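Structure, as structure tokens:
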Ligand SMILES: Cc1ncc(C[n+]2csc(CCOP(=O)(O)OP(=O)(O)O)c2C)c(N)n1
Ligand SMILES: [Mg+2]
């Protein structure tokens, strides 16, 4: 085990995979100087500028060329810089990468990882702060990964690079610097396997990415009120670990889903619907969501904070759910 | 087939001013391929009219010299990326017309298992990485396939064929710039057939067009008569040589004309019949046939190319009509490795 940051854990994962497989390469704007968040720092020195490749500010070409390079036998890791900019390459991701295997009758697959730093990052405003993970879960063909810890960022990125599917890999900008113990060995975390962050008996709180830490803080606070919350980190949204959520709800009878992204049409809705369809009788209270209002993200800190889902919000909702239960 | 000559015509030809070093056998083969493409397209149009090809199909009638001239100059391990108007390119790259026709009809044995149809025709076994339903999208993909070649250190190249309308979408700029920046082995071929759907392409294109745009990105570009198989073939051959020897990307603009409507069912009433009649006089297959006839090749053999191609494609169509639909479970296959696509449905 080594203590490292979320950013360095991903860097270690990429470096290990590049050493293992000469067909793995990374491409994106400014990678030669370590990437905008330093998550590639030092890699060009080890692997050279062909495999840690700079790119023109051409998101559609970064994505589209990587689709071609993946179909032609390499395994590109695509850096989108900000998740928001990946929207300049939606055709390349949704119509090309996600569809090629199916519409060409299985003649190819498209093994590529699309790294998209997402989320609210102080005063970055509406075009540099979004969390659009639920969009990608709607697209057949894509895998959607949302790591919350340094260890997961290593184990999931390594799995993503080895996956033959296109993987949308959403790292949260606000937790680049968080530290944690990371296994030194070759860890490969499977997709669709959640992690129980904290065990509890009264209510299940499901989250992912940076919001997981807010959920944990809320669980801590609930404990002081005598409420035992179980916190589940989904880690991946497609596939997602229904079994983990079902067995937790079986135990607690209450489900709260929290995410940083907009509530309307968010992945919380999918989880709520699935649990209602399959576990209605186990529920002691309707499923609740704690997620953002449907407004763009502001620049001024107090306005930005207005739409952030806090631990206090979660505690309040969880408390109501406990009080009004049977 | 052995080339058979009319001896007197050959003598006259050899003493005329036409280039003496013309490789007659080469153009005889092109003539054959162009006829097979046309016969495939005409048969596909029939199948469309018969109601057996259900989706839109885009015919390349009138553009066969480009398909044959470009694709027959590619090696099997060279990559080809094509367009919605891609049957001819695919056939000339070496794909099996039978599995192509089955795909058009959406039947079992289709080249994409019946899941792609005309606009997603692909045959990876001959390096044909796909037509595309999104105009211009294959330009970036072709540059990326070339990028993979460079990373892996191969001597093959990537070729992307697209229409004159495609130069107005972003991937044209991004993909050509990409190929230039990374000095990739890509041949870009623009089929300037005058139209983008029902619109005259030039009316929606500012500036001088694809060749000048490519040149402005530092990519050597040439323009040829796309209905003249000799011009296309020679230009493509030279450019491919330069690309293979490490010269980076090249661009060729091929002037041609779309003799049929945008889709097989489009009567194309938005243009003047006299323009179409005029264009038919410039039919690339007739031009090639005249050339070969002048060179003394027996006309009955050239005629044979046409009749053989038609009977080949008709037989393929008749067989395809009898083929069953694809197995139903295919709807759930080839989606992705992770997760079960059946979950949470119905
Ligand atoms: C991005 C996109 N926009 C629009 C269309 C609809 N469309 C299909 S073919 C076509 C015309 C394309 O013209 P061109 O590139 O010149 O090719 P041609 O049909 O002449 O071979 C259009 C507009 C599309 N398929 N993709
Ligand atoms: Mg056109």
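What follows is calculated from the coordinates using simple rules that are stated; it is not laboratory data. Predicted, not measured: the structure shown is a model, and the values here were computed from it. Cβ: placed from backbone, ideal geometry, glycine included. Neighbour counts: every protein chain shown.
Given their separation in residues at 0.36 nm each and the Cα-Cα distance between them, residue B:10 and residue B:276 gain 92.4 nm when the chain is fully extended.
Both radii are taken from the alpha-carbon atoms of chain A; with Rh as the Kirkwood radius, Rg/Rh is 0.98. Helices in chain A, meaning DSSP H runs of at least 4 residues, each add -39500 (n - 2.57). Divided by all residues, the mean residue ellipticity at 222 nm is -10000 deg cm²/dmol.
Using equal-weight Cα scatterers in the Debye expression, the normalised intensity of segment A:255-326 in log10 at q = 0.11 Å⁻¹ is -0.32.
Modelled this way, with points 7 Å down the Cα-to-C-beta line, the labels at residue A:220 and residue A:295 are 2.8 nm from one another. Between residue B:342 and residue A:273, the simple spin-label model (points 7 angstrom out along Cα→Cβ) gives 2.0 nm. Neighbouring Cβ atoms from other chains, within 10 Å of the Cβ of residues in B:163-176, number 3 on average. At each listed q (0.15 Å⁻¹), what is the log10 of I(q)/I(0) that the Debye formula gives for segment A:96-208 modelled as equal alpha-carbon point scatterers? For segment A:96-208 at q = 0.15 Å⁻¹, log10 I(q)/I(0) is -0.77. For the options A:95, A:109, A:313, a Gaussian network treatment of chain A with springs between C-alpha atoms closer than 10 Å singles out A:95 as fluctuating the most. For chain B, the 222 nm mean residue ellipticity estimated from helices alone, with every DSSP H stretch of n ≥ 4 adding -39500 (n - 2.57) and the total spread over all residues, rounds to -13500 deg cm²/dmol. Considering every Cα-Cα pair within segment B:185-234, what fraction, in whole percent, is farther apart than 11 Å? That fraction is 74 percent. Here the gap between residue A:164 and residue A:50, fully extended at 0.36 nm per residue and compared with their Cα-Cα distance, gives a gain of 38.8 nm.
Pairwise inverse Cα distances across chain B, averaged and inverted, put the Kirkwood hydrodynamic radius at 20.9 Å.
Distance between the modelled labels on residue B:204 and residue B:241, one decimal in nanometres: 3.9 nm (7 Å Cα→Cβ projection).
Any chance you could tell me what percent of the C-alpha pair distances in segment B:1-106 go past 15 Å? Result: 68 percent of Cα pairs exceed 15 Å. Extents of segment B:31-174, taken as max minus min of Cα coordinates on every principal axis and listed largest first, are 46, 30, 30 Å.
Across every direction, the projection of the convex hull enclosing the Cα atoms of segment A:2-182 has a mean area of 9.4 nm². Size of segment A:128-270: Rg and Dmax of its alpha carbons, in Å, are 14.8, 47. Computed with the Debye formula from one identical point scatterer per Cα of segment A:160-219, without solvent, the log10 of I(q)/I(0) at q = 0.26 Å⁻¹ comes to -1.35. Counting only DSSP beta bridges whose two residues both lie in segment A:2-182, roughly 20 percent are antiparallel. Calculated translational diffusion coefficient of segment A:195-323 (10 °C, 1.306 mPa s; Stokes-Einstein with Kirkwood radius over alpha-carbon pairs) equals 109 µm²/s. Packing order of peptides A:175-183, B:263-271, highest average first: A:175-183, B:263-271 (average count of other Cβ atoms within 10 Å over each peptide's residues).
The residues B:178, A:135, B:325, when put in order of fewest to most other Cβ atoms within 10 Å, stand as B:325, A:135, B:178. Here A:213, B:89 are placed in order of increasing Cβ neighbour count within 10 Å, fewest first, which gives A:213, B:89.
Taking only the C-alpha atoms of segment B:172-308, Rg followed by Dmax gives 17.8, 51 Å. Compared with the rule-of-thumb size 2.2 N^0.38 Å for a compact globular protein, the protein assembly as shown has a Cα radius of gyration ratio of 1.11.
Note on chain B: GNM, Cα springs under 10 Å; of B:99, B:125, B:158, the largest mean-square fluctuation is that of B:125. When each of A:18, A:279, A:1 is scored by the number of other beta-carbon atoms lying within 10 Å, the sequence from fewest to most is A:1, A:279, A:18. On the principal axes of its alpha carbon atoms, segment A:221-295 extends 34, 29, 23 Å, with the longest extent given first. On the principal axes of its alpha carbon atoms, segment B:37-95 extends 36, 18, 15 Å, with the longest extent given first. Among A:315, A:146, A:110, the largest mean-square fluctuation in a Gaussian network model of chain A (Cα springs under 10 Å) belongs to A:315.
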